[in-house]
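The values are calculated or read from the model by the stated rules, or taken from the named source; none is laboratory data. In this text, all values refer to a predicted model and were calculated from it rather than measured experimentally. Quick reminder, even Gly has a Cβ in these numbers, built from the backbone with ideal geometry, and neighbours come from all protein chains shown.
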Amino acid sequence: MSETITKVLTANKEARVDKWLWAARIFKTRSIASQACKKGQVSLGGAQLKPSRMVRVGDVVNVRKPPVTYSFRILQAIENRVGAKLIPEVLENVTSPEQYELLEMSKISGFVDRARGTGRPTKKERRSLDAFAAEGEDVPTFFGDLPIFDFDDED
């Protein structure tokens, strides 16, 4: 590693959580990281964090990005963004395998759990919905066995 990168990685023993989330490339911008903290999506030991909360080396930060809650152990408390190749020196992903299974299940059934306000289904999603609905048409109904009455006929 170059001298400046080493200086950036070892300079701090603690950092603001919003800056660390941005520097560790968990969120694209610092403002998105701050908003996630304000919405209660970032926690440490079960307690929700404010953006200005200081985190230390060894802390495990939980980040909820629905439907998954990711867990990261802090290896370096940095406040300056580093290259993607240096991320393994900054954090350790300790997310449980059950969370990844949950993510995989949501990807498979993506059209079922459609978020409100995401718009109309795509053509592919619509065909999947139609095929799913067509599978249930062969089920006999209670009313199909009853005789049809026409109350308009006068005897």
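Miscellaneous remarks
- Among residues of the range 123-136 that are free of Cβ contacts under 8 Å to residues at least 60 places away in the same chain, those with a beta-carbon under 6 Å from a residue that is of a type outside the set (D, E, K, R) and surrounded by 10 or more Cβ atoms within 10 Å (Cβ to Cβ) at least six positions away or on a different chain give the pairs E125/F111; S128/F111.
- Some residue of the range 79-94 being at pLDDT 90 or above, within 15 Å of the chain's Cα centre (by Cα) and exposed (fewer than 13 other Cβ atoms within 10 Å of the Cβ): yes
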